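Please read the structure below before turning to the comments.
The values are calculated or read from the model by the stated rules, or taken from the named source; none is laboratory data. This structure is a prediction, so every number in the text was calculated from the model and none was measured. We place every Cβ from the backbone using ideal geometry, glycine too, and count neighbours over all the protein chains shown.
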Amino acid sequence: MKHRYLNNVTTLCLSTEKCIGCGKCLEVCPHEIFALVEEKAMIKDKDRCMECGACAVNCPVNAISVDSGVGCAAAVIMGWLSGSERSCDCSGGEECC
Ligand code: SF4
Ligand code: SF4
């Protein structure tokens, strides 16, 4: 099942000008956010990004930026990793994360 998160809130940004088409971001992204088109990365569906930061860390030319480890995305990841309840400590109530 393909998970989606909140619409229009992800901080993911891609500079196609800097991209050299190495494909690393396609390899590391757990949600298959990227595609390569004419040797340039493109974002297929930004709203499926959970802001883990793997793409930005592995891009050799810093073409990707994302604020990882913040907000609901970080809460979901930490919940998965620790097996605990996810909480981002915001006031979103039960619908949060
Ligand atoms: S931050 Fe994580 S989920 Fe989002 S595009 Fe990068 S690798 Fe994929
Ligand atoms: S990792 Fe960076 S340089 Fe490589 S394809 Fe992705 S955006 Fe382009």
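List of remarks:
- Selected residue (criterion: nearest to ligand 1 (Cβ to nearest atom)) from residues of the range 20-44 that are over 10 Å from the mean Cα position of the chain (by Cα) and among the acidic types (Asp, Glu): Glu27
- Enumeration of residues in the range 34-57 that are away from ligand 2 (no atom under 13 Å from the Cβ) and not in a loop (DSSP other than H, G, I, E, B): Lys46, Asp47, Arg48
- Given (1) closer than 18 Å to Gly21 by Cβ; (2) modelled with pLDDT under 60; (3) of a type outside the set (S, T, N, Q), index of the condition Ile43 fails: (2)
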